[in-house]
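Just below is one structure, and these are the notes that go with it.
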Amino acid sequence: MFRKILIANRGEIAVRIIRTCRKLGIKTVAVYSEPDIESQHVTYADEAYHIGPGQPSESYLNIPKVVKVAKTSRVEAVHPGYGFLAENPEFARGCEEAGLVFIGPRSKILASAANKFESKETAQRAGVPIIPGSKLEIEKVEEAEAEANRLGFPILVKASYGGGGRGMRIVKTARELRRAFGLAASEAEVAFGRSELYLEKHLKNPRHIEVQIIVGPRGRLVQLGERECSLQRRHQKILEETPAPCLDSAARKRLVSMALKIAKATRYENAGTVEFVRSEQGDFYYMEINKRIQVEHLISEMVTGVDIVEQQIRIAYGDGLGLSQEEVQFNGAAMNCRINAEDPSRNFAPAPGRIEEFVPPAGPGIRVDTALFNGMVVPEYYDSLIAKIASHGRTRDEAIQRLKGALSETIIAGIETTIPVHQTILEDEGFVGGDYHTQLLDNKISAWDFSPHVSEEEIAMLHLTLNYPSSRRDKIQLQASQSKWRTNPQIQPTPRKPLFVEGL
Amino acid sequence: MFRKILIANRGEIAVRIIRTCRKLGIKTVAVYSEPDIESQHVTYADEAYHIGPGQPSESYLNIPKVVKVAKTSRVEAVHPGYGFLAENPEFARGCEEAGLVFIGPRSKILASAANKFESKETAQRAGVPIIPGSKLEIEKVEEAEAEANRLGFPILVKASYGGGGRGMRIVKTARELRRAFGLAASEAEVAFGRSELYLEKHLKNPRHIEVQIIVGPRGRLVQLGERECSLQRRHQKILEETPAPCLDSAARKRLVSMALKIAKATRYENAGTVEFVRSEQGDFYYMEINKRIQVEHLISEMVTGVDIVEQQIRIAYGDGLGLSQEEVQFNGAAMNCRINAEDPSRNFAPAPGRIEEFVPPAGPGIRVDTALFNGMVVPEYYDSLIAKIASHGRTRDEAIQRLKGALSETIIAGIETTIPVHQTILEDEGFVGGDYHTQLLDNKISAWDFSPHVSEEEIAMLHLTLNYPSSRRDKIQLQASQSKWRTNPQIQPTPRKPLFVEGL
Amino acid sequence: MSKDSNQIHRLTVSGKTWLVTELDRKNMVQRVEVDDEELSIRILKEPSVDQPNLLASIAGRVFIGKLEESGEGSGYVVRLNGRLFKISLEGGQQKAQNSGAIAAVLGPMVITAPMSGRIVSLKASPELLVHEGEPIAVLEAMKMENEIAAPKTGTVREVYVKPGALVKAGDRLCLII
Amino acid sequence: MSKDSNQIHRLTVSGKTWLVTELDRKNMVQRVEVDDEELSIRILKEPSVDQPNLLASIAGRVFIGKLEESGEGSGYVVRLNGRLFKISLEGGQQKAQNSGAIAAVLGPMVITAPMSGRIVSLKASPELLVHEGEPIAVLEAMKMENEIAAPKTGTVREVYVKPGALVKAGDRLCLII
C-alpha cells in the first residue's frame, strides 16, 4: 500500500480522506491556504504545507504549487477530493508526469469526457437514452430557433463549455428564445470564455438520480446503488437519500444497467457517479459521469458498509477491486443533509465567521462528516458546505426520524446555517411522501419561514436571564469590556446566484 | 404508541433512550439528582424533575420518589436503563401497582431470577450446562471443604446473595480454603447483609460471551447474535466486540440455541442478555440472564441495524415483536470502548471533575454514546463510565483500525480517562489476534505504561509556546488572575476494588 | 426584580419583537406574560458569581440560561441550553428602521462591504443617481454572488473600489449623498 | 528569546522531566534540543494579543500552541492541537518529592480528602502509630473504594471524620504528627 499520500483539498472532505488513510496506515500530507492554517485537516494530517493566499486560484487551484509540495514531501500519490482540481485533466497529467499516482481516473479519461458531446454520443452508441437536444455548438440565434422548433418547447439553453447552472435558461415559448439566447451567451462568455450554447428538451418536474460505481482493473466493476439527489435549490443539491423512494426494483435494475453500460462504453476507471434525469413518465436519460468522490458518497457507504475512499486508493495503488458485487449488501435507507454556512432567512446569504460553539449530534445511525471545531473561523473564500449530517435506518421513515433528532441536537453558534431549511424539508409532506422532483424546493422555498423559531418559553427565559438581579452586575461589567459579538452590518447582501453550480 | 415515558436513569444511557423516544415521537421525562441538574439528559428531555441529593440511595435508587414523579408528570411508562433500579423487582412492582408500564420484564420475572440457584436449576432442566458447583447456600466452612473436594480445585467462592465480584475469591488449593471462606463471608455480610456463600469450579482462562435476545408476546423471539466481553479488568468489562472472534459457525449455532433454550425455559420477556462462560476447551456454561438493556448493546445495533431500545418500548407497549429472525441481517464487525473517568497511570483512581474540552470522534463507521459536553462536571457519586466510543467495519480488522483512529481524534481534557488503556489494547498482539480471555488484561495491565505519551516534538512545542516572547506578557497577566486549574492533590488515592461489579 | 414588576419590556430576537411583562413572584415561582400568554417559571438555581447559570423550569422543561457578553449598544447575547441568542432590548428592530429613515433624510452615507469577498461588478459610478434598493455592487463570497443594494436614494459621490478588488468586511465601497 | 539561549530548561509533563535547550534561531527556524535530540521548529505564525496561537511545524507536522492559563506555583497549562498539557517548569517533579520529604521531617501534617466521596472505613484513630504508605482511610467515589495512604510515618493526633461521612475534596481527615 502507499506509504504516504497528499490530499489536495480542504475542509470536511480532506478530514474524511485522512480518516481512511489512518485506517489503512498511510501517512498524510495536507496543503493549506493562509486562512486555513488552523484548520482541522492541517492538524489531523501528519504533515501540512502552505500553498498560498485565500483565493482558490492562488492556492488550492495552483497546480504547479500542489505538485511541487507533493514532490518535496515525497508522497507517492495524490487524492484530489471533490471540487478544486478533482476533475482537472491538467492536474492529473501534472501528477502523472511528476511520477505521482493520481487517485482517480487517468488524465486522458478526465480529458475525453470534458467534452460533454463526446460523452453523450458514446452513451447513445451504448444504447443509453440522452435528453433530446441539439448536437452541435450553436453560435447564432437563428440556428437555435430552428433546432428549438424541431425539439419543441419548453427547452433548456445551456453553455457548451462549462458546467452546472451557469448560463442555463429555461425557455417556455418561441417568443422568449431570442432574448434568453443572448443573455445566456453573454453569461457563458463571462463565465467560461466561450459563448457557444446548445439546447435540450426541458423535462417538467424531473428527478435527478445517480448511480455510484467503482471500476477496478480490466473493467471489473461494482455498483453501490443509486442516490436520489432531486432536492435542490437553484440546481444545487441540498439533501440526498438512498435508495431513491420512487424506484421499484424493475426501474432500479434498468437504471443500474444503464449506468454500467456507460461505465463500460467510456472505459471508466476508479470510483465515479453516473448521473441521470428521470422524467415524470419514469424514463431515464443519461446526463454525465462525475469522475470523483462526491459530497453525498457517505449515504452509499452507510447502506453498503463499503469505504469508497478506500476503494479509490486501493484501485489507484493497483490492488484491484477489493470486493465483488455479490459481497455488496444493501441495508436500509440513508439520508444526508448538507449544512451550509448560509442565512436562509436572508435569502441564503453567505455566512462566514467564527464558530462560537459546535456540538455535533450523535447516537444510533448518525454520521457526521465535518471539519468544524469550537473557535474556528469559516473563511469566505470557499464553498459554504461546512458539515454533512447523515442518518441510517432500517427504513426510510426511521432515517427521517433519526435525522430530525440529530438536527435538533446540533448546535452551531456564531454563524447562520441551513439547518432550519433541512428541518422544514423533513416535515414537508411532499418530501416525506417520497414524491418530489428538482423543482420542489424552488417552488416551495419562498413560502417557508426560516427565521429561527423561538418559543414563548424561551423568550420568558431569555428575559429572566437578562434581568435576573445577580446577572445585572455582570452585565454592567461586561458592557465595559470589548465584545466579540459584532452586530450585523446594516447593509445586508442579497445572494444573486451561485457561481459554480457544480452539483458536487 | 406511548405518549410520554419517564427515564429513571442518568448519563449516556438516559440520553440514548431519549434519542429513540424522539425518533418514535414519544415525549420524555427525566429525573435528576442535585449534582446532575445541568446534565445533558435534563436538557434533552421534554421535562425534568429533581429527585434528591447526589447519593444514589436518596435519588436514583429512591423508588417512591421516582414513582411519584412518574405519576405527577402523567407518563404512561418508565424505562429504567441499566444499573440503578433496572433489575429491581420492587421497582417494577411499584410501577405496575401505580398503573405504569415498566419497560422490561414483569416484576415476577425479575423476582424469580433474583435467586440465581433457581435460574441455574431451570437451565439444567432445559438441558443447558452450568458450571459444576455446590447447589446450596453454605454457611459452615466444613461443608465448603466437603463440596470443594467433590468439585476439585481450583474453585471459586461466591456470595449467594449479591452480584458481580463482591465477596468473590479464587481458591487454588485446599489449604487456602478456610481463610478465603472466612474473608469472603465477612465481605458478603458487609456488602449484601447475608454471609452465605457457594462454590463453583474455577475455569482457567475462560471467555465471557453473551447473546442478545428480544422476546415478544407469546414467546416469539429473535436473537441479535453474540457479544464477546472477555476483555475485563477485575471482572469489569472494558471493551466488547461482535461477532466473537473465537467462534466458528457451528459453535455460534450451539451458543445461540442454548440462549434460546434459556429464554424459553425462564419464560423471559422483552430484551435481555444470556451470559455464558466458554472454557478453553470450547464448552459453554450458562451463567445468568441480564434483564435490562446493557452498556454494550450498541455493538449489536451496529451490526444488525436493530434499535434495541425501540424494541423494548414496542414490546412494553404491546405492539409485539417488530421483526422476525429472517429480517435480522448480520453485517461486519463492531467493537466498543468504555471510556471511564479513571486515571490508568494512578491505578485507575476515580477521576471526577470538570470537562474543559470535549471533542468526540466522527466519520465512517463511528458511533459515540455519551452525555459529555464542554464545561460539564463529572460527579463523583456515580459509575465512572462517561462515554462509549464504538466502531463498525466490514471486517474485524477494519473495526479495529477505525477505532484506533477515533480514539486518536478524541479530546477529553480536564480529567483523566481510560483512553490510553484502549489504545494499548488495540495494539496488543493477543487482542488483535482475537485469542484472549478474561485474564488477559489483569495479566498484562501491570506491565503496561499508561502515562500519556508525549513526544519530543510536543515537548519542544510546549517549551516554545511557554517561552515565546509575546506569550510571556500574557503569562504574567495570567499568573495574577485566579486559576481554574487545580494542581493535583499531593496525596493520591489508591483504588482498592470496585464496589459493585455488576458486569453492566 | 420588584422594581421591574409590571413594566413592559420589548425583547427582539431573530427579527421579531415580543412584549414581556413580569407579574408577581411567589417563593421561587415567577409569573411572566409573553405577548398575551402567561407563563410560570420555577427558579431551580439562581445565578451567582461562581455559577453564572440561571436554572429554571417552565411546565417541566428545564432551561439553563447564561448572560454571555453584551454586544454593542442595546444588544446582548444569552446562552440558553447551549444555543446562543442575540437579543435587543426596548424594541431594537424599530430603532434600526428609524435610523435607516434618518440616514435617508440626513444625507451622505458611506456604503461598506457586509462581508469579505471579491467585487465582481460595480454599478456605482460617480454622479450616478441610485434609488433605494437598487443594486450598486455585486460581491462574491463562498462561491456565491451577492448584490449590495443602495440603502437610500441619492447620488453616488465617490467610489472607493474597482471591479475585481478583494475587500474585507467593513471596507468602504462608495459614498452616496 | 536570545536571553534564554543555551540555558537548560526543565519541563515536567505527565510526571516525566525533559531537558530543553534553545539553540540558535535563523530567520523563522528555531533549533531546540530536547534531551539529546535536536529539532528544528519552523515558526509559521507568532502569537499576538489578538491571535494568541503560536503556529509552527516540526518535520512538516503543524502544531498550534497556546498558553491557556497559569496554574498554581510553577504550573502552566498549554493547549497543543486542542489537547491540554499541564506543565511544571524547573523540575516540578523533583520539587514535589522534596516537599514530601521535608514534611516528613518537619512534623505535623493534615491529611485531606483527595476527592469528594464517602468515608467507607477509617483506620486512623488518635495516638495510632502509622507508617508511610500504610492505609489510613478508605474513600468511596464513583462506585470504587480508594485507599488513602499515610504520606509519612508518625502518630495520628486528631481525626476529623467518622466512618460513613460524606467529604469534599480538600476536607480534613486527620492530623499526623
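The values are calculated or read from the model by the stated rules, or taken from the named source; none is laboratory data. Because the structure is predicted, anything quoted here is derived from the model rather than measured. With ideal geometry, Cβ positions are generated from the backbone for all residues, glycine too; neighbour counts draw on all protein chains shown.
A quick yes/no check of all residues on (1) assigned by TED's automatic domain parsing to the domain that holds A:Val295; (2) within 15 Å of A:Glu288 (Cβ to Cβ):
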| position | (1), (2) |
| --- | --- |
| A:Ser195 | no, no |
| A:Ile214 | yes, no |
| A:Arg218 | yes, no |
| A:Leu221 | yes, no |
| A:Cys229 | yes, yes |
| A:Arg233 | yes, no |
| A:Lys237 | yes, yes |
| A:Glu240 | yes, no |
| A:Cys246 | yes, no |
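Need at least 1 residues that are hydroxyl-bearing (Ser, Thr, Tyr), surrounded by 13 or more Cβ atoms within 10 Å (Cβ to Cβ) and modelled with pLDDT under 90 per element, so show me which strands (runs of 3 or more DSSP E) inside the range D:1-60 make the cut, counting only ones lying wholly within it.
Working: elements: D:8-13, D:16-26, D:29-34, D:37-45, D:54-58.
In the range D:1-60, there are no strands (runs of 3 or more DSSP E) which contain 1 or more residues that are hydroxyl-bearing (Ser, Thr, Tyr), surrounded by 13 or more Cβ atoms within 10 Å (Cβ to Cβ) and modelled with pLDDT under 90.
Could you tell me which residue of the range A:13-38 is farthest from the other protein chains (Cβ to nearest Cβ), considering only residues that are buried (at least 22 other Cβ atoms within 10 Å of the Cβ) and under 18 Å from D:Arg42 (Cβ atoms)?
A:Ser33
For the range A:478-495, indicate whether the set of residues that are at pLDDT 95 or above and either within 14 Å of chain C (Cβ to nearest Cβ) or in a helix (DSSP H, G or I) (or both) is non-empty.
Of all residues in the range A:478-495, those at pLDDT 95 or above come to none.
No - not one qualifying residue is present in the range A:478-495.
State yes or no: is A:Ile315 crowded, with 20+ Cβ neighbours inside 10 Å and in a helix (DSSP H, G or I)?
Details: crowded, with 20+ Cβ neighbours inside 10 Å: yes; in a helix (DSSP H, G or I): yes.
For A:Ile315, the condition - crowded, with 20+ Cβ neighbours inside 10 Å and in a helix (DSSP H, G or I) - is met.
Answer yes or no: is there a residue in the range A:294-308 that is in a helix (DSSP H, G or I), more than 25 Å from A:Thr418 (Cβ to Cβ) and within 14 Å of another protein chain (Cβ to nearest Cβ). Don't jump to the end; show me each part of the working.
Just the residues of the range A:294-308 that are in a helix (DSSP H, G or I), to begin with: A:297-304, A:308.
Next, only the ones that are more than 25 Å from A:Thr418 (Cβ to Cβ) stay: A:304.
If we keep only those that are within 14 Å of another protein chain (Cβ to nearest Cβ) as well, we get A:304.
For the range A:294-308, residues in a helix (DSSP H, G or I), more than 25 Å from A:Thr418 (Cβ to Cβ) and within 14 Å of another protein chain (Cβ to nearest Cβ): present.
Which condition breaks for A:Gly99 when tested against (1) more than 22 Å from the chain's Cα centre (by Cα); (2) among the small types (Gly, Ala, Ser); (3) surrounded by 13 or more Cβ atoms within 10 Å (Cβ to Cβ)?
Condition not satisfied by A:Gly99: (3).
Among the residues of the range A:352-379, write down those that are in contact with a Pro (Cβ under 9 Å, 6 or more places away or on another chain) and outside any loop (DSSP other than H, G, I, E, B). Don't jump to the end; show me each part of the working.
Taking the range A:352-379 first, the residues in contact with a Pro (Cβ under 9 Å, 6 or more places away or on another chain) are A:352, A:360, A:362, A:366-370, A:372, A:377-379.
Selection gives A:Ile366, A:Arg367, A:Val368, A:Asp369, A:Thr370, A:Val377, A:Val378.
Can you tell me which residue is modelled with the highest pLDDT among those in the range D:61-98 that are charged (D, E, K, R) and farther than 22 Å from B:Phe358 by Cα? Break it down stepwise before answering.
Narrowing the range D:61-98 to residues charged (D, E, K, R): D:61, D:66, D:68-69, D:72, D:79, D:83, D:86, D:90, D:95.
Right, trim to farther than 22 Å from B:Phe358 by Cα and you get D:61, D:72, D:90, D:95.
Working: D:Arg61: 96, D:Glu72: 54, D:Glu90: 68, D:Lys95: 37.
Only one residue fits best here, namely D:Arg61.
Kindly check whether there is at least one residue in the range B:456-472 that is of a type in the set (Lys, Arg), more than 7 Å from chain D (Cβ to nearest Cβ), assigned to a helix (DSSP H, G or I) and under 30 Å from B:Leu239 (Cα atoms).
Here is the first cut: in the range B:456-472, the ones of a type in the set (Lys, Arg) are B:472.
Now narrow it down to the ones that are more than 7 Å from chain D (Cβ to nearest Cβ): B:472.
In the following step, the residues that additionally are assigned to a helix (DSSP H, G or I) were identified as B:472.
Okay, now just the ones that are also under 30 Å from B:Leu239 (Cα atoms), so none.
The answer is no, given that none of the residues of the range B:456-472 is of a type in the set (Lys, Arg), more than 7 Å from chain D (Cβ to nearest Cβ), assigned to a helix (DSSP H, G or I) and under 30 Å from B:Leu239 (Cα atoms).
In the range A:321-353, what count of residues is obtained for those that are on the phi < 0 side of the Ramachandran plot and either polar (S, T, N, Q) or in contact with a Cys (Cβ under 8 Å, 6 or more places away or on another chain) (or both)?
Of the residues in the range A:321-353, the ones on the phi < 0 side of the Ramachandran plot are A:321-331, A:333-346, A:349-352.
Within this subset, residues satisfying the condition of being either polar (S, T, N, Q) or in contact with a Cys (Cβ under 8 Å, 6 or more places away or on another chain) (or both) are A:324-325, A:329, A:331, A:336, A:340, A:345.
Of the residues in that region, 7 qualify.
Residue by residue, here is whether (1) farther than 27 Å from B:Ser230 by Cα; (2) modelled with pLDDT of 90 or more; (3) not charged (D, E, K, R) holds:
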site: B:Arg106; (1), (2), (3): yes, yes, no
site: B:Glu121; (1), (2), (3): no, no, no
site: B:Ala126; (1), (2), (3): no, yes, yes
site: B:Glu143; (1), (2), (3): yes, yes, no
site: B:Val157; (1), (2), (3): no, yes, yes
site: B:Phe192; (1), (2), (3): no, no, yes
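Do the conditions hold for A:Ala387, that is, is it in contact (Cβ under 8 Å) with a residue 60 or more places away in the chain and either crowded, with 22+ Cβ neighbours inside 10 Å or farther than 20 Å from B:Pro364 by Cβ (or both)? Step through it out loud before you land on a result.
Numbers: in contact (Cβ under 8 Å) with a residue 60 or more places away in the chain: yes; either crowded, with 22+ Cβ neighbours inside 10 Å or farther than 20 Å from B:Pro364 by Cβ (or both): yes.
So A:Ala387 passes the test.
Run B:Lys120 past the list (1) within 23 Å of the chain's Cα centre (by Cα); (2) farther than 30 Å from B:Ile5 by Cβ; (3) in a loop (DSSP other than H, G, I, E, B); (4) not β-branched (Val, Ile, Thr) and report the number of the one that doesn't hold.
(3)
May I ask you to list the residues in the range D:127-153 that are part of a loop (DSSP other than H, G, I, E, B), small (Gly, Ala, Ser) and under 18 Å from B:Pro350 (Cα atoms)? Please lay out each step first, then the result.
Here is the first cut: in the range D:127-153, the residues part of a loop (DSSP other than H, G, I, E, B) are D:127-128, D:131-134, D:142-143, D:150-153.
Of the ones still in play, those that are also small (Gly, Ala, Ser) are D:133, D:150.
None - no residue of the range D:127-153 is part of a loop (DSSP other than H, G, I, E, B), small (Gly, Ala, Ser) and under 18 Å from B:Pro350 (Cα atoms), so the list stays empty.
Quick check: anything in the range C:141-153 away from every other protein chain (no Cβ under 12 Å) and either of a type outside the set (Lys, Arg) or surrounded by fewer than 17 Cβ atoms within 10 Å (Cβ to Cβ) (or both)?
Of the residues in the range C:141-153, the ones away from every other protein chain (no Cβ under 12 Å) are C:153.
Then drop every residue that is not either of a type outside the set (Lys, Arg) or surrounded by fewer than 17 Cβ atoms within 10 Å (Cβ to Cβ) (or both), which leaves C:153.
The answer is yes; a qualifying residue exists.
Scan the range B:359-372 residue by residue and report those that are under 22 Å from the mean Cα position of the chain (by Cα) and not aliphatic (A, V, I, L, M). Reasoning before the result, please.
Going residue by residue through the range B:359-372, those that are under 22 Å from the mean Cα position of the chain (by Cα) are B:360-361, B:365-372.
B:Pro360, B:Pro361, B:Gly365, B:Arg367, B:Asp369, B:Thr370, listed by residue number.
Quick one: in the range D:122-140, which of the residues that are β-branched (Val, Ile, Thr) and in contact with an Asp or Glu (Cβ under 9 Å, 6 or more places away or on another chain) is surrounded by the most Cβ atoms within 10 Å (Cβ to Cβ)?
So in the range D:122-140, the residues β-branched (Val, Ile, Thr) come out as D:130, D:136, D:138.
Next, from what is left, pick out any that are in contact with an Asp or Glu (Cβ under 9 Å, 6 or more places away or on another chain): D:136, D:138.
On the way: D:Ile136: 23, D:Val138: 21.
Top of the filtered list is D:Ile136.
Scanning the range A:49-88 for residues that are aliphatic (A, V, I, L, M), within 10 Å of A:Leu6 (Cβ to Cβ) and in a strand (DSSP E or B), which turns out nearest to the chain's Cα centre (by Cα)?
Quick first cut of the range A:49-88, residues aliphatic (A, V, I, L, M) only: A:51, A:61, A:63, A:66-67, A:69-70, A:75, A:77-78, A:85-86.
Filter once more, keeping what is within 10 Å of A:Leu6 (Cβ to Cβ): A:66-67, A:69-70, A:75, A:77-78.
Next, only the ones that are in a strand (DSSP E or B) stay: A:77-78.
On the way: A:Ala77: 23, A:Val78: 20 Å.
Of everything passing the filter in the range A:49-88, A:Val78 is nearest to the chain's Cα centre (by Cα).
Identify, from the list B:Glu296, B:Glu288, the residue that is surrounded by fewer than 23 Cβ atoms within 10 Å (Cβ to Cβ) and within 23 Å of B:Leu255 (Cα to Cα).
Numbers: B:Glu296 fails: surrounded by fewer than 23 Cβ atoms within 10 Å (Cβ to Cβ).
Within the list B:Glu296, B:Glu288, the selection yields B:Glu288.
Restricting attention to the range B:15-46, which residues are part of a strand (DSSP E or B) and over 30 Å from D:Leu166 (Cα atoms)? So that I can check it myself, show each step before the final result.
So the first thing to find is which residues in the range B:15-46 are part of a strand (DSSP E or B), and the list is B:27-33.
Residues satisfying the conditions are B:Lys27, B:Thr28.
Could you tell me whether any residue of the range B:125-145 is part of a helix (DSSP H, G or I) and within 24 Å of B:Asn270 (Cβ to Cβ)? Outline the logic, then answer.
Step one: list which residues in the range B:125-145 are part of a helix (DSSP H, G or I), which gives B:125, B:141-145.
With the extra rule that they be within 24 Å of B:Asn270 (Cβ to Cβ), the set shrinks to B:125.
Yes.
Could you say which residue among A:Ser112, A:Ser186 is farther than 29 Å from A:Gly81 by Cα, outside the structural domain of A:Ile262 (by TED's automatic domain parsing), at pLDDT below 90 and out of contact with any strand residue (DSSP E or B) (no Cβ under 8 Å at 6 or more places or on another chain)?
Details: A:Ser112 fails: farther than 29 Å from A:Gly81 by Cα.
Among A:Ser112, A:Ser186, only A:Ser186 is farther than 29 Å from A:Gly81 by Cα, outside the structural domain of A:Ile262 (by TED's automatic domain parsing), at pLDDT below 90 and out of contact with any strand residue (DSSP E or B) (no Cβ under 8 Å at 6 or more places or on another chain).
Is it the case that the range A:348-360 has a residue that's crowded, with 23+ Cβ neighbours inside 10 Å, among the aromatic types (Phe, Trp, Tyr) and within 14 Å of chain C (Cβ to nearest Cβ)?
Checking the range A:348-360: at least one residue is crowded, with 23+ Cβ neighbours inside 10 Å, among the aromatic types (Phe, Trp, Tyr) and within 14 Å of chain C (Cβ to nearest Cβ).
Could you give me the residue pairs with C-beta distances under 8 Å whose first residue belongs to the range A:302-330 and is modelled with pLDDT of 95 or more, whose second residue is among the acidic types (Asp, Glu) and assigned to a loop (DSSP other than H, G, I, E, B) wherever it lies, and which are 6+ apart or on separate chains?
Going by the 8 Å Cβ cut-off, the qualifying pairs are A:Ile315/A:Glu269.
Every residue in the range A:123-169 that is touching an Asp or Glu at 6+ places or on another chain (Cβ under 9 Å) and surrounded by fewer than 16 Cβ atoms within 10 Å (Cβ to Cβ), please.
Once the filter is applied, which keeps residues that are touching an Asp or Glu at 6+ places or on another chain (Cβ under 9 Å) and surrounded by fewer than 16 Cβ atoms within 10 Å (Cβ to Cβ), the range A:123-169 yields A:Pro129, A:Pro132, A:Lys135, A:Leu136, A:Glu137, A:Glu139.
Residue-by-condition table, conditions (1) outside any loop (DSSP other than H, G, I, E, B); (2) touching a His at 6+ places or on another chain (Cβ under 6 Å):
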| residue | (1), (2) |
| --- | --- |
| B:Leu177 | yes, no |
| B:Phe181 | yes, no |
| B:Ala184 | yes, no |
| B:Ala188 | yes, no |
| B:Arg194 | no, no |
| B:Glu200 | yes, no |
| B:Asn205 | no, yes |
| B:Ser230 | yes, yes |
